[in-house]
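The values are calculated or read from the model by the stated rules, or taken from the named source; none is laboratory data. Everything numeric in this text was worked out from a predicted model, so none of it was measured. Counting neighbours? That spans all protein chains shown, and the Cβs are built from the backbone with ideal geometry, glycine included. Areas reflect the complete protein model, heavy atoms only, side chains present, ligands, DNA and RNA absent. Shrake-Rupley method; radii C 1.70, N 1.55, O 1.52, S 1.80 Å.
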Amino acid sequence: MENSSLKPLQKNRGKVLTGLTHECGIFGAVGKSIFEGKEKYEIAQIVHIGLEALQHRGQESTGIATTTGDDDFHVHKGMGLVKDVFKRDDIKSLPGHIGIGHTRYSTSGASTNVHSQPFVVHSMHGSLAVAHNGELVNCGSLRKMVLDRGVGLSTHSDSELITQALCLIPPDGEVNGPDWVARIRHVMHLAPLSYSLVVMLKDRIYAVRDPYGNRPLCLGKILTQDSETTSEHPVLNGYTNDDDTEISDGWVVSSESCAFLSHTRYLREVYPGEIVEMTQYGIKTMDIVPLPVGKPHAFCIFEYVYFAKPNSIFEGKEVYEVRSECGRQLAIESPIEADVVGSVPESGNAAAHGYSQQSKIPFRELLAKNNYVGRTFIQPCNRMRQVKVSLKFSPIASNVRDKRIILIDDSIVRGNTMGPIIKLLRRAGASEVHVRIASPPIRYPCYMGINIPTSEELIANRLKLDEIAQKVGADSLKYLSVDGLLQAAQKENPDKKKGHCTACLTGNYPGGVPKDLEW
């Protein structure tokens, strides 16, 4: 049942008419030196490549900030895709051996260039740049506190709010200049979720993950071109090259490990509540802020279901394998006699393979996807959206004609896309279409960085299961259970303490129902 204390959503939320959107992806890189003998903007290139790999996490705006070791940060950002915002000359304008980047889709703050990240502020102790993935659940109270301290805010973005809050002196004061770890820790106590952050100073980056571990963040290293190895494990002033024997040119941090390509290598996740310092000497854990007493960890379950790339690694597992396991669980929970199993590409592919393996019903490609069709949500009416769906997907008639089909997808949000897809399959000759969804029904809004529509717009919150099936034109429709999803995500998990946020499915919010949101 809908909680009556949840207020209407922010103005900019829920505007996408199909699917879900994630708020953003973040990336940072630190070189061991100024990259002597190399291009002085190589770090900017590494950050740029990382952002391209994270483009799926936000397509609205993007930006990069770099430093050469002084307070004069170099920044370029703008509206649009990474490939459109950054040209060759833009990358050349970003020298330095330290850099952070961001790719954004808005959940708080309007879709304008002023909200593009990273945010840069100039404090009495030097420049500070911040990129943020997530959404503060207590944005209202934190905003009031910052404004009461005499700090002006130029946007309604909670990411700028975090940046300004980091400039405040912590309660215990500071002795010899700014204590940035204490400042970060203070902000983490003020706002326990939801965020992953990269915070850039002139000589270092801090990688920060909220105590609940709600948003993902992981560490990697920049490999040398010749991939030399050493038997030593260098440690200098507490910094470590981790338990790794490869010589590196530096270190990277990213929302997802899919951004670690041939020039970088995955090391580990940033732990929930961890503050990691990254310098040219290595990486070092500075502190781990604990969870509030009695609260479990709450990694967003929809990273597995929907957002992350299938080759990303979370909690020691590849996302593809979890999605495949969701399909196997779905086949156990909701079997049906059929001739073929297929998917809505590419979102349902992994689960469809899992369903096929478990059910022994052969997998076939049912739809050819045109990746060059624009997003359907910008169309002004249902007729035009359906036309765009038919442009985006084309039935493979030989795999569809006279077949009883099990159609797998990862989720149904509003139901605007599934109906037209089923019509395409029926027109191509499908005798039956049974829809199986590899996640539970989405019934509640998210306040932690995912742009889930209002409850009234969520089809599973308005209609019963048979009514949804009738609306989209399916012969039958079944969802994966919450227990089935958790079982898939936690399968062979050696750390039983790890938990997952299922708030959009169950209405159980990890920090409780937000009380002071400006919704």
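Observations on the structure shown:
- The set of residues in the range 79-89 being at negative phi and open to solvent by less than 50 Å² (accessible area, probe 1.4 Å) consists of V82, V85, F86.
- Matching residues, the range 284-300, being assigned to a loop (DSSP other than H, G, I, E, B) and surrounded by fewer than 23 Cβ atoms within 10 Å (Cβ to Cβ): V289, P290, L291, P292, V293, G294, K295, P296, H297
- Residue in the range 259-273 that is modelled with pLDDT of 60 or more, within 19 Å of E315 (Cα to Cα), among the polar types (S, T, N, Q) and touching a Gly at 6+ places or on another chain (Cβ under 8 Å) present: no
- Counting only residues that are modelled with pLDDT of 90 or more and either in contact with a Ser or Thr (Cβ under 9 Å, 6 or more places away or on another chain) or part of a helix (DSSP H, G or I) (or both), the range 503-519 holds 6 of them.
- If the condition is being modelled with pLDDT of 90 or more and either open to solvent by 20 Å² or more (accessible area, probe 1.4 Å) or at positive phi (or both), then the range 384-408 contributes S394, P395, I396, A397, S398, N399, R401, D402, K403, R404.
- Qualifying residue in the range 214-236 (condition: of a type in the set (D, E), open to solvent by 20 Å² or more (accessible area, probe 1.4 Å), closer than 17 Å to G316 by Cα and modelled with pLDDT under 95): no
- Hits in the range 319-359 - residues which are outside any helix (DSSP H, G or I) and open to solvent by less than 40 Å² (accessible area, probe 1.4 Å): S334, A338, V340, V341, G342, S343, V344, P345, G348
- Within the option set A331, A368, being modelled with pLDDT of 90 or more and out of contact with any helix residue (DSSP H, G or I) (no Cβ under 8 Å at 6 or more places or on another chain) holds for one residue only, A368.
- Check on V319, over 19 Å from V433 (Cα atoms) and modelled with pLDDT of 95 or more: yes
- Residue selected from the range 256-278 under the condition open to solvent by less than 30 Å² (accessible area, probe 1.4 Å) and of a type in the set (S, T, N, Q), by the criterion farthest from H186 (Cα to Cα): T264
- Residue ID - farthest from F119 (Cα to Cα), chosen from residues in the range 37-69 that are free of Cβ contacts under 8 Å to residues at least 24 places away in the same chain and out of contact with any helix residue (DSSP H, G or I) (no Cβ under 8 Å at 6 or more places or on another chain): G37
- All positions within the range 110-124 that are among the hydrophobic types (A, V, I, L, M, F, W, C) and either assigned to a strand (DSSP E or B) or modelled with pLDDT of 65 or more (or both): F119, V120, V121, M124
- Of all residues in the range 125-154 being part of a loop (DSSP other than H, G, I, E, B) and more than 17 Å from G449 (Cα to Cα), the one that is modelled with the highest pLDDT: H125
- Each residue in the range 155-196 was checked for being surrounded by fewer than 19 Cβ atoms within 10 Å (Cβ to Cβ), part of a loop (DSSP other than H, G, I, E, B) and of a type in the set (A, V, I, L, M), and 3 of them qualify.
- Flag: Y281 does not match the condition of being of a type in the set (F, W, Y), open to solvent by less than 50 Å² (accessible area, probe 1.4 Å) and modelled with pLDDT under 95.
- Figure legend. Inter-residue proximity from the range 458-475: first residues over 25 Å from A430 (Cα atoms) and part of a loop (DSSP other than H, G, I, E, B), second residues modelled with pLDDT under 95 and among the small types (G, A, S), beta-carbon distance below 9 Å, spacing 6+ or different chains. Indicated pairs: L463/G415.
- Taken over the range 301-318, residues that are open to solvent by 10 Å² or more (accessible area, probe 1.4 Å) and assigned to a loop (DSSP other than H, G, I, E, B) amount to 5.
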